[in-house]
1. Quick check: net charge around residue 82, other residues with Cβ under 14 Å of its Cβ, Lys/Arg +1 and Asp/Glu -1?
2. Among the DSSP beta bridges whose two residues both lie in the chain, what percent are antiparallel, rounded to the nearest 5?
3. How big is the chain on each of its three principal axes, counting only the C-alpha atoms and giving the largest first in Å?
4. Which of 119/196; 94/244; 196/244 have a Cα-Cα distance over 29 Å?
5. Just want the ordering: 99, 79, from fewest to most Cβ atoms lying within 10 Å of their own Cβ.
6. Full extension from residue 200 to residue 53: what is 0.36 nm times the residue separation minus their Cα-Cα distance, to one decimal in nm?
7. Any idea which of 88, 105, 194 is furthest toward the positive side of the dipole for the stretch 3-245, if Lys and Arg beta-carbons carry +1 and Asp and Glu beta-carbons -1?
8. Can you tell me the dipole magnitude for the stretch 65-135 around its Cα centre, using point charges on the Cβ only (Lys, Arg +1; Asp, Glu -1), in Debye to the nearest 20?
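Bear in mind these aren't lab numbers, they're just calculated from the coordinates by the rules spelled out. Nothing here was measured: the structure is a model prediction, and the numbers come from that model. Note that we place each Cβ from the backbone using ideal geometry, even for glycine, and neighbour counts take in every protein chain shown.
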Amino acid sequence: MTICEAEYRDVETPSGPMRCHLFRPNAEGAFPGLVLYSEIYQMTGPIARIANFLAGHGYVVCVPEIYHEYEEPGVAYHYDKEGTDRGNELKTTKSIAAYDADASAAISVLESLSSCSGKVGTIGFCIGGHLAFRAAMDPRVRAAACFYPTDIHKRSLGAGMNDDSLDRIPEISGELLMIFGRQDPHVPLEGRRLIKEALEAAERDFQWHEFNGAHAFVRDEGHRYDPVLAGQGFSLSLEMFARKLR
């Protein structure tokens, strides 16, 4: 199936317009939707390639710019110290309420598209893994693939660094796919155990996978990239999305 990134939409949120990049299968019909959450660098080349990959498997993909309140539309950061520092600064500047409002808006964008069937999932990486996790608290989300989600175990997302993601796990009704790298210093063993125990205590529907990989092993730029592990993670994601969204 050939792919096209046909457009973007600027949608209103309580904190201002948010650009959403849309990737669609180049075919007739209505397809399941995925909200794809980027790393702290926003809409980079690796994220665009992941969105294209997912569209090629028959999904309408919406990539929201997570820091739209603070940057002009279309801004992405480089994978360097300056870009990392800026992304990390905004991660704890933006409020949790704003992140949640953005999630609701992105899901609604997909639901409004004639090319979307109305069945919606989420997928994300790093901070995006956490945002995909939080988006799954919306009952419209049927499945969420969370790749090495940061800050859940530390409750440190958003302004004040005191998020309630662990407390709100009982609100998640869809299936979760949790994927971690054992060599990821951002989510150490103790943190992974804390998240898993909270999911088990809440009796959520989830899969749990730990690979011998570093943080950002899916990103196809830089020395951490592991194409074998990335492929395995995407295979697990596509299997879940096929079951829950089709």
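1. -2
2. Bridges in the chain that DSSP calls antiparallel: roughly 30 percent.
3. Projected onto its principal axes, the Cα set of the chain covers 47, 37, 36 Å.
4. Beyond 29 Å: 94/244.
5. With the sparsest Cβ surroundings first, the list reads 79, 99.
6. Values: separation 147, 0.36 × 147 = 52.92 nm, distance 3.17 nm.
Taking residue 200 through residue 53 to full extension adds about 49.8 nm, to one decimal.
7. Positive-end residue among those listed: 194.
8. Dipole magnitude for the stretch 65-135 comes out near 320 debye.
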